[in-house]
Amino acid sequence: MNSYSRVITLDVDKNAVVKTFNDQILAGINKGFSDFWVKVKSGRTYSNICAPIAGILDYYRDKDIRFEFEYDNNNKYIEHTKFSDPLIVEDYIDKGSINNPLDVVWKFSSSEAVHELVKAYILELRQADVVENGVISSMEWCINETLDNVLQHSNAGSGYIMAQHHKTTKQFSVCIFDSGIGIYNSLKNSIHRPQSALDAITLALQERVTRDIEVGQGNGLWGLSKIIDEAKGRLYISSCGAVYNKDFHNKEKMISWGYLNLGKNRGTTLVDFQLNYSNPIDIAKALNGYEPLDLWLENLEDTNGNVVIEIANQSGGTGTRKAAEKLRNLVLNILKNERKRIVLDFNGVNLISSSYADELIGKIIVQYGIVAFINNFEIKNMSEFNSGVLNRSVQQRMAQKYYDNKIVMDEE
Ligand SMILES: Nc1ncnc2c1ncn2[C@@H]1O[C@H](COP(=O)(O)OP(=O)(O)O)[C@@H](O)[C@H]1O
Ligand SMILES: [Mg+2]
């Protein structure tokens, strides 16, 4: 820490941390400081803190303000989120692909980046757990529309996103932030003429409200809001100092002034939503009959309408339980949503480990029974050696189930 720097704290689990953090920076700048030493306190943290903080830091860096960070030793997660130095999506596209999109802040600046990022998130969600009908398409809609809005309307050039998967509560949560003009400024010269920052947010949530009919159609935020209603999720939007919040019971709460903004012309926009993926979502009902196509899934279909999973391409290796668990979630999600027959094609797979076979296939057979397995799955192009590995691991899993049941019965 040099003696010219101003010490400020980032207390991640405090209320209104984002605004408090910004207020500390502003106060420092007003006193003539341009170097800040940020003490990051430990605590639980979420996307709706990391994404906006990342955006605020970059906003000030553009004005030649510098930041250094000091972390509490026991706070590895917040450091891992890279809020102080977000990952640039465009760099990852050049490197090949985005592999672990969750729990980190991404900065995006192009429609290509949005496309790749959405693809990576949705693949991750398909693999994260077995989710209810409609959840995947809903998440795709919500993330896509909100990211697109940053590029279309914020005038900021780039935005920030972080997403988390909370397995114990079965929630996906996503926060998208930009330090741009804000919704009020975007709409103020349109035919809709919002009266206030809050009025602008509630207008933007309505169907067919867009700043310019030549540019948009006004379906994005309307659809997001309807999907969140249908999903019994939570939606929080903050822009130009106002806040709109809809909780898990669809109860609305609004605050007209006093929240984050970076000045009159930099109202900023934060969109944060969460949904519980154990609730089915009727997306056609939410979007008045419109049902998005799942092109990813359609591309996997063969001419007989079966879904073909090429293990060599779709799986992150064939050795670990983790890779197998992700693929098992992916296929069970397809089965649950589509009720199509699934072909597990092992073409080009040299070796599967016994734990991989158990985690992918053994556990499905034990959970659903052999008849359901045969009716819903086909195993193709499996080498003799891998067949041996699979047979042995399934036998072992079935035997274990048999003895588990038997012991329970014997004890009763
Ligand atoms: N990140 C943002 N920054 C500024 N304005 C925004 C942002 N997101 C949405 N808006 C405003 O809300 C309006 C409605 O957005 P949306 O429902 O997605 O419709 P569309 O994008 O088709 O205009 C936009 O036209 C714009 O004026
Ligand atoms: Mg839009």
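Pro292 fulfils the conditions (1) within 25 Å of Ile49 (Cβ to Cβ); (2) away from ligand 1 (no atom under 12 Å from the Cβ) except for a single criterion, (1). The residue that is nearest to Asn250 (Cα to Cα), counting only those in region 211-231 that are of a type in the set (Val, Ile, Thr) and buried (at least 18 other Cβ atoms within 10 Å of the Cβ), is Ile228. Restricting region 49-83 to residues that are under 19 Å from the mean Cα position of the chain (by Cα) and among the hydroxyl-bearing types (Ser, Thr, Tyr), the residue that is nearest to Val174 (Cα to Cα) is Thr81.
Applying the condition of being of a type in the set (A, V, I, L, M, F, W, C) and under 16 Å from Cys142 (Cα atoms) to region 211-231 and asking which residue is nearest to ligand 1 (Cβ to nearest atom) yields Leu221. Among the candidates Arg193, Arg234, Arg208, the residue that is within 10 Å of ligand 1 (Cβ to nearest atom), in the same structural domain as Val104 (by TED's automatic domain parsing) and either surrounded by fewer than 21 Cβ atoms within 10 Å (Cβ to Cβ) or within 30 Å of Lys82 (Cβ to Cβ) (or both) is uniquely Arg208. Taken together, Tyr77, Tyr46, Tyr59 contain a single residue that is closer than 29 Å to Arg126 by Cβ and in contact (Cβ under 8 Å) with a residue 60 or more places away in the chain, which is Tyr46.
For region 256-268, indicate whether the set of residues that are out of contact with any Asp or Glu (no Cβ under 7 Å at 6 or more places or on another chain), more than 16 Å from Asp199 (Cβ to Cβ) and away from ligand 1 (no atom under 15 Å from the Cβ) is non-empty. No: zero hits.
Exactly one residue out of Ile183, Ile161 is touching a strand residue (DSSP E or B) at 6+ places or on another chain (Cβ under 6 Å), near ligand 1 (Cβ under 10 Å from one of its atoms) and either over 22 Å from Glu214 (Cα atoms) or assigned by TED's automatic domain parsing to the domain that holds Val209 (or both), and it is Ile183. Looking across region 201-220, just one residue is closer than 13 Å to Ile191 by Cα, within 11 Å of ligand 2 (Cβ to nearest atom) and not in a loop (DSSP other than H, G, I, E, B), and that is Ala204.
On the given criteria, is Asn261 within 23 Å of Ile228 (Cα to Cα) and not in a strand (DSSP E or B)? No: the conditions fail for Asn261. Residues that are under 20 Å from the mean Cα position of the chain (by Cα) and not in a helix (DSSP H, G or I) were ranked within region 221-239; the one that is nearest to ligand 2 (Cβ to nearest atom) is Ile237. The set of residues in region 283-306 being touching a helix residue (DSSP H, G or I) at 6+ places or on another chain (Cβ under 8 Å) and either over 23 Å from Trp141 (Cα atoms) or aromatic (Phe, Trp, Tyr) (or both) consists of Tyr290, Trp296.
Of everything in region 291-303 that is touching a residue at least 24 places away in the same chain (Cβ under 8 Å) and part of a loop (DSSP other than H, G, I, E, B), the residue that is farthest from Leu26 (Cα to Cα) is Asp302. When Ser109 is tested against the conditions (1) more than 16 Å from ligand 1 (Cβ to nearest atom); (2) farther than 30 Å from Arg339 by Cα; (3) in the same structural domain as Val174 (by TED's automatic domain parsing), the lone failure is (1).
Does Ser278 meet the test of being surrounded by fewer than 14 Cβ atoms within 10 Å (Cβ to Cβ) and touching a residue at least 24 places away in the same chain (Cβ under 8 Å)? When the stated conditions are applied, Ser278 passes them.
The values are calculated or read from the model by the stated rules, or taken from the named source; none is laboratory data. Remember, it's a predicted structure, so these values are computed and weren't measured experimentally. All Cβ positions, glycine included, derive from the backbone under ideal geometry; neighbour counts span all protein chains shown.
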